[in-house]
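Notes to accompany the following structure.
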Amino acid sequence: MLEEANTVLLADALVLGHPKRARVTFSLGRVLLEVGAFPEAVRVMEEALRQTEAAVGPRHLDVARRHQGLSMALREQREFTRALAHARASVALHRALLGDSHLKLAEALDEEGMSLLALGRHEEALKVYEAALAVKHAQLGPDDEDLQYSCDGVGQALLGLGRTREALAPLRKAVAFTGAQEDSLGESGFALARALWKEGQGVEARTEAAKARERFTASGRALQAEAVRAWLDALPPEAKAKPARPQQRRRR
């Protein structure tokens, strides 16, 4: 890729220990993550973290960003325990450097929540996502699309805890942000479908699942689209409505 080649050339032009060298390395890691080269992305982002700490020290926002990016790459590798450690390092740095009410802290909390959900630690994930949502509500309007990720996280955590009725409201909110990325809306929609099914709302559950499948397909997430199809196919057939019995006239 031309962008990747240019990034490597620029990194070679910078002296060892230069802060910009670490930023270039990190940019290369992000490119690798976006194209799905996850093992290489992890390796490059680990190097970017090492370079950044050497250049600016361990307490710097650039270090927080490196931890967050590395967490994302490790999650894609399904190394959730390692991802969580880096996500928490990012949260700690964002909180220490920016305070408890900054939107960047909320974004870091969202990343921590992702690993907790993947590890099945739903109670912890719920607290983390609720904290992220509280920060966002204090800073953003009620219809800001940056709320989508945290609303989804709250709903997913409640669903994982079996609190399906409570999960409906945040998941409905999450799918209402139609300007969000298609795959994110697919995740929220599929979670909503499962919660609706558990609550006995079968017709709406099937509708939301079908929408989620379309969104996964549109975003190139074939495995996720297939998972939704398999879930739909495994549902019991819908019961046919019984014909209404004709009313008998009362005898006078």
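Answer with yes or no whether residue 108 is at pLDDT 95 or above and closer than 16 Å to residue 84 by Cβ. Spelling it out, residue 108 is indeed at pLDDT 95 or above and closer than 16 Å to residue 84 by Cβ.
Yes/no matrix, rows are residues, columns are (1) surrounded by fewer than 21 Cβ atoms within 10 Å (Cβ to Cβ); (2) outside the structural domain of residue 204 (by TED's automatic domain parsing); (3) assigned to a helix (DSSP H, G or I):
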site	(1), (2), (3)
91	no, yes, yes
100	yes, yes, no
153	no, no, yes
156	no, no, yes
167	no, no, yes
171	no, no, yes
174	no, no, yes
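When you check residue 133 against the structure, is it surrounded by fewer than 16 Cβ atoms within 10 Å (Cβ to Cβ) and under 14 Å from the mean Cα position of the chain (by Cα), yes or no? No. When region 132-145 is filtered for residues that are without any contact (Cβ under 8 Å) to a residue 24 or more places away in the chain and among the small types (Gly, Ala, Ser), the ones remaining, listed by number, are 134, 141. Restricted to region 117-130, and to residues that are free of Cβ contacts under 8 Å to residues at least 40 places away in the same chain and out of contact with any Ser or Thr (no Cβ under 9 Å at 6 or more places or on another chain), which residue is surrounded by the most Cβ atoms within 10 Å (Cβ to Cβ)? Taking the candidates together, the pick is 128. For region 184-213, taking the residues that are among the acidic types (Asp, Glu) and crowded, with 16+ Cβ neighbours inside 10 Å, the one that is farthest from residue 237 (Cα to Cα) is identified as 187. The residue pairs whose first member lies in region 184-196 and is over 12 Å from residue 156 (Cβ atoms), whose second member is surrounded by fewer than 24 Cβ atoms within 10 Å (Cβ to Cβ) and hydrophobic (A, V, I, L, M, F, W, C), and whose beta carbons are closer than 6 Å, counting only pairs six or more residues apart or on different chains, are 193/205; 193/209; 196/205.
The values are calculated or read from the model by the stated rules, or taken from the named source; none is laboratory data. Predicted model only: the values in this text are computed from it and were never measured. Backbone-built Cβ (ideal geometry, glycine too); neighbour counts: all protein chains shown.
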